[in-house]
């Protein structure tokens, strides 16, 4: 069965910014077999069904290169933005957050937000529990079921931490600076002494998840949380498994100023030198954030054929600054774009994220130009596919790739008019947003139609979340604990 998706413009997503006017994508059994002018495609192929119209713009399915699968924004439970190291603990001790009991609904909501934004593939870096915790396999399996039910692709990277629970120093040193009531609270919560997972426990859980869930739409990557949170031994064992089985690694690196200071204090070559010494700098490694990278470190990552997941909204919201993306692109580093579960307005709109990436990378020079829009879209689709291990499956549109497609309502975008000489790629990346997403296809299947999911009941989902997410308010003990940790974090990092 041959089907077509038609559009007034088809944006292929390649680096050249190729645009086909009045075009069509032909696919069969979920795979693109041809593309070109609509009339020519009609004459050449016996089409059983045509999706879209002359009033649509077609582009590749977008890829969210870094996300944590949390659909319920923490501001909804009273957690305000703060610098990263303080935010982590403000969000960690939320009695009402209950990630476990509703992890399925939470992940479905996260995926649905992305799907409505034209995202067909996401990198889910799972960080909400460790492999040695009870119910770990059940909760992670529910997250994976959420993406399966939506019809999305997911690269799942289970996280692991085995040191530095509180700050970038050993736990006992940090605890020694806390008041007695805070230490007592942590003991009652079972947070001290910390029970860290071993590499063996992590690999056992990873293998069970992969054996149960890996499929054409689900891939697995190793997800060490960061070099500041993982011991050399754990990173070494992950590197060995990665080399042996050709499995990618996704890791937070140099996201914040405090991480920059920590790495420079602890290692002669900083955190990048540390990772290099462990043999981790290679084509299987993706660095998330990299806000504080130096020019030499960028060159080192590029020479090693590493990749980077850029999260402009999150970097700004968590007080980390603007990543040097222009320098990365100039050095040839493959950069993808993610929302990190923390987009500017809690809607995971990838069009807004691409725009933010663009405007933040405009130096105050008379000879400067924006990052080319063709490069921006290619970052989001082709580089995102590399980061999620779906290269050759999804990304830029071409025969042989899966039919992961987004149809935008161009009539709404062009109001009141678009001039005849305007670059259409520039128009879409400047004016489009998730409200213009009409249809989304994954492997030729329509998983979003007229802006509504085809596989799940959205109203039922929201009702389940309201019913299951019973907020009771935070206890006085919890508030005092968070305040004590917050004050100690400020004191510690201000002294560096």
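Among residues of segment 328-343 that are assigned by TED's automatic domain parsing to the domain that holds residue 84 and on the phi < 0 side of the Ramachandran plot, those with a beta-carbon under 6 Å from a residue that is buried (at least 24 other Cβ atoms within 10 Å of the Cβ) and part of a loop (DSSP other than H, G, I, E, B) at least six positions away or on a different chain give the pairs 338/311; 339/348.
Look at residue 342 and say whether it is modelled with pLDDT under 95 and either under 30 Å from residue 403 (Cβ atoms) or crowded, with 18+ Cβ neighbours inside 10 Å (or both).
Numbers: modelled with pLDDT under 95: yes; either under 30 Å from residue 403 (Cβ atoms) or crowded, with 18+ Cβ neighbours inside 10 Å (or both): yes.
So residue 342 passes the test.
Condition (residue is touching a residue at least 12 places away in the same chain (Cβ under 8 Å), within 23 Å of residue 200 (Cβ to Cβ) and either out of contact with any strand residue (DSSP E or B) (no Cβ under 7 Å at 6 or more places or on another chain) or outside the structural domain of residue 307 (by TED's automatic domain parsing) (or both)) applied to segment 220-229: is it met by at least one residue? Yes, segment 220-229 contains a residue that is touching a residue at least 12 places away in the same chain (Cβ under 8 Å), within 23 Å of residue 200 (Cβ to Cβ) and either out of contact with any strand residue (DSSP E or B) (no Cβ under 7 Å at 6 or more places or on another chain) or outside the structural domain of residue 307 (by TED's automatic domain parsing) (or both).
Within segment 25-52, if we keep just the residues that are surrounded by 15 or more Cβ atoms within 10 Å (Cβ to Cβ) and part of a loop (DSSP other than H, G, I, E, B), the residue that is farthest from the chain's Cα centre (by Cα) turns out to be 45. Exactly one residue out of 405, 377 is closer than 18 Å to residue 17 by Cβ and out of contact with any helix residue (DSSP H, G or I) (no Cβ under 9 Å at 6 or more places or on another chain): that is 405. Residue check: is residue 14 part of a strand (DSSP E or B), in the same structural domain as residue 402 (by TED's automatic domain parsing) and either buried (at least 20 other Cβ atoms within 10 Å of the Cβ) or touching a residue at least 12 places away in the same chain (Cβ under 8 Å) (or both)? The answer is no for residue 14.
State the number of residues belonging to segment 291-317 that are in a loop (DSSP other than H, G, I, E, B) and within 19 Å of residue 378 (Cβ to Cβ).
Counting residues in segment 291-317 that are in a loop (DSSP other than H, G, I, E, B) and within 19 Å of residue 378 (Cβ to Cβ) gives 3.
Selection of segment 440-477 for residues being outside any loop (DSSP other than H, G, I, E, B), more than 27 Å from residue 153 (Cβ to Cβ) and touching a helix residue (DSSP H, G or I) at 6+ places or on another chain (Cβ under 8 Å) yields only 477.
The values are calculated or read from the model by the stated rules, or taken from the named source; none is laboratory data. As the structure is a prediction and not an experimental result, all values here were calculated from the model. Glycine also receives a Cβ, built like all others from the backbone with ideal geometry; neighbour counts cover every protein chain displayed.
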